[in-house]
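The values are calculated or read from the model by the stated rules, or taken from the named source; none is laboratory data. Predicted, not measured: the structure shown is a model, and the values here were computed from it. So basically every Cβ, Gly included, is an ideal-geometry build from the backbone, and we count neighbours across all protein chains shown. Areas reflect the complete protein model, heavy atoms only, side chains present, ligands, DNA and RNA absent. Shrake-Rupley method; radii C 1.70, N 1.55, O 1.52, S 1.80 Å.
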Amino acid sequence: MRNLKLAAITVSFTLLLASCLSTEEKKIKAEEEGNALVSIKSKLIKGAGDALKTDGKEALESASEGLGEAFKGLTSGYDKSINQAKVLSDTTFLKTFEIGRTEKFYSDTTHIKKVTVYLIADKAFDKKLKLKAFDATDREIGRSTVATKIEEDDAQFIDFEFDNRTPLLQADYFIISHN
């Protein structure tokens, strides 16, 4: 029985030693596995590079287009912001001018309060323009007059400066007219 146990232990030990890899064999196997992993990763990276070559341009164009739309939204939001001035006029004024972009401007540092109106002239004009500011109760809260000279089929920004005490933030609308 003792010999049988010793024989079983010897066989088990021999099998164990035979199944173990030598240090050199372990290094070779690890190198082979490492090469296989590097090969797989390099193929993935190459595939990503090829995809960027073909699809990257389209992706960047799409992203640029999205940014462009965001900026359009930003400027359109600005046009509808508190700085926009609602400028009205009578039909006589509209026979001479078309009203373009408008903006209220007030600076706490320079104490300048003005409304800028972009006017497009259908006829030549060399007179004074008047801009009156009204609050929500239709009460006049300020006015400004500017000497203006515009040639026919020309356009320019006209700055109407208001007294510093004019509460432009309370102005609900403006009426422009010529004398």
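Checking each residue in the stretch 145-158 for being surrounded by 14 or more Cβ atoms within 10 Å (Cβ to Cβ) and under 13 Å from LYS104 (Cα atoms) picks out only ILE158. Residues of the stretch 127-140 that are within 26 Å of ASP108 (Cα to Cα), touching a Lys or Arg at 6+ places or on another chain (Cβ under 9 Å) and open to solvent by 30 Å² or more (accessible area, probe 1.4 Å): LYS130, LYS132, GLU140. Inside the stretch 82-105, residues that are under 25 Å from the mean Cα position of the chain (by Cα) and closer than 18 Å to PHE134 by Cα make up a count of 8. Whenever a residue of the stretch 137-156 is farther than 21 Å from ALA124 by Cα, its partners that are assigned to a loop (DSSP other than H, G, I, E, B) and open to solvent by less than 80 Å² (accessible area, probe 1.4 Å), lying with C-beta atoms within less than 8 angstrom and at least six residues away or across chains, give the pairs ILE141/ASP135; ILE141/THR166; ILE141/PRO167; ILE141/ALA171; GLY142/ASP163; GLY142/THR166; GLY142/PRO167; GLY142/ALA171.
Conditions (1) over 17 Å from ASP90 (Cβ atoms); (2) aliphatic (A, V, I, L, M), marked per residue:
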position: VAL115; (1), (2): yes, yes
position: TYR118; (1), (2): yes, no
position: ALA124; (1), (2): yes, yes
position: LYS127; (1), (2): no, no
position: ASP135; (1), (2): yes, no
position: ARG143; (1), (2): no, no
position: ALA147; (1), (2): yes, yes
position: GLU152; (1), (2): yes, no
position: PHE157; (1), (2): yes, no
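All conditions but one from (1) in a loop (DSSP other than H, G, I, E, B); (2) within 17 Å of LEU94 (Cβ to Cβ); (3) in contact with a Gly (Cβ under 6 Å, 6 or more places away or on another chain) apply to THR166; the one that does not is (2).
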